[in-house]
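Data block below; observations after.
Rule-based calculations on the coordinates, nothing more; no lab input. These figures come from a predicted structure and were not determined experimentally. Counting neighbours? That spans all protein chains shown, and the Cβs are built from the backbone with ideal geometry, glycine included.
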Amino acid sequence: MHRALLIVFAAAICTLPGVAGDQHARSNIEGWQEIAWPFPRDGWPAGRAFRCATEFCGDETEVYVRPKIGFCNCDSGVADDEEVDRVADLDLISARFVPREPGRAIRIADMPGRLRSYDLEMADGSRHAAVGIAVSRRCDLLVAVAQGKGAGSGVQRVALDFLASDAVTQWMMAAMDGR
């Protein structure tokens, strides 16, 4: 009896989202591997983090994505670049980030918002390129930030391709629905 209960408990634990036993099943996009959320807790639930290896993306790139439910202007959505600067979680990677150029309007998973490119100065003094993305649906916000050592245009390209993949789009829509 105890052994059967232990087996059922172990099976249940391994099927929870984010548990190591589920890692490989959820990161089936070539070159991308889901990694642990690397940031300390803040006022929002942890999101999902992914890393793409150099051989697939040109340079190692990481993407961090999470919903911020109830954190968007219900009327205007993501209105300007300053809002992207505030909400896109760049400060979790480095407090020292500088916009490279004005942002632009974007649609991800059929949600409108803005994208902006940045230069980051990391704690070790190295420089990384980053892209911050904030999109909205109703009064909810979905943010993504990608960073890597490569050129900003390359980081942006691989991040947008990744976010446009069917698996990630489905997860983003489910997360925005609270599932």
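Quick look at the numbers
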item: Relative contact order of the stretch 69-149, defined on C-alpha pairs under 8 angstrom at six or more residues apart (%); result: 35
item: Cα Rg, Dmax (largest Cα-Cα span) when computed across the stretch 38-148, Å; result: 13.7, 43
item: Estimated FRET transfer efficiency when R0 is 25 angstrom, pair D177-E30 (beta carbons, to 0.05); result: 0.40
item: Cα Rg, Dmax, the stretch 92-141, angstrom units; result: 12.9, 39
item: Theoretical FRET efficiency, 1/(1+(r/R0)^6), r = Cβ-Cβ of D161 and C139, R0 30 Å, to 0.05; result: 0.60
item: Gap separating the Cα centres of the stretch 44-66 and the stretch 69-95, nearest whole Å; result: 19
item: Full-extension gain in nm, T169 to A95, via 0.36 nm per residue minus C-alpha separation; result: 23.8 nm
item: Phi-based couplings in Hz for the stretch 54-64 (Karplus 6.51, -1.76, 1.60; Gly and Pro marked x); result: 3, 5, 9, 10, x, 8, 5, 10, 10, 10, 10
item: Along principal axes, Cα extents of the stretch 86-179, largest first, whole Å; result: 39, 24, 23
item: For I69, residues with placed amide H under 5 Å, excluding near neighbours; result: L141
item: Using θ = phi - 60° and Karplus 6.51 cos²θ - 1.76 cosθ + 1.60, couplings along the stretch 88-100 (whole Hz; Gly, Pro as x); result: 7, 6, 4, 5, 6, 7, 7, 6, 9, 10, 10, x, 8
item: Amide H contacts under 5 Å for I106, placed H, 5+ residues apart; result: G113, R114, L115
item: HN-Hα J in Hz across the stretch 138-144 - Karplus 6.51, -1.76, 1.60, θ = phi - 60°, x for Gly and Pro; result: 6, 9, 10, 10, 10, 10, 9
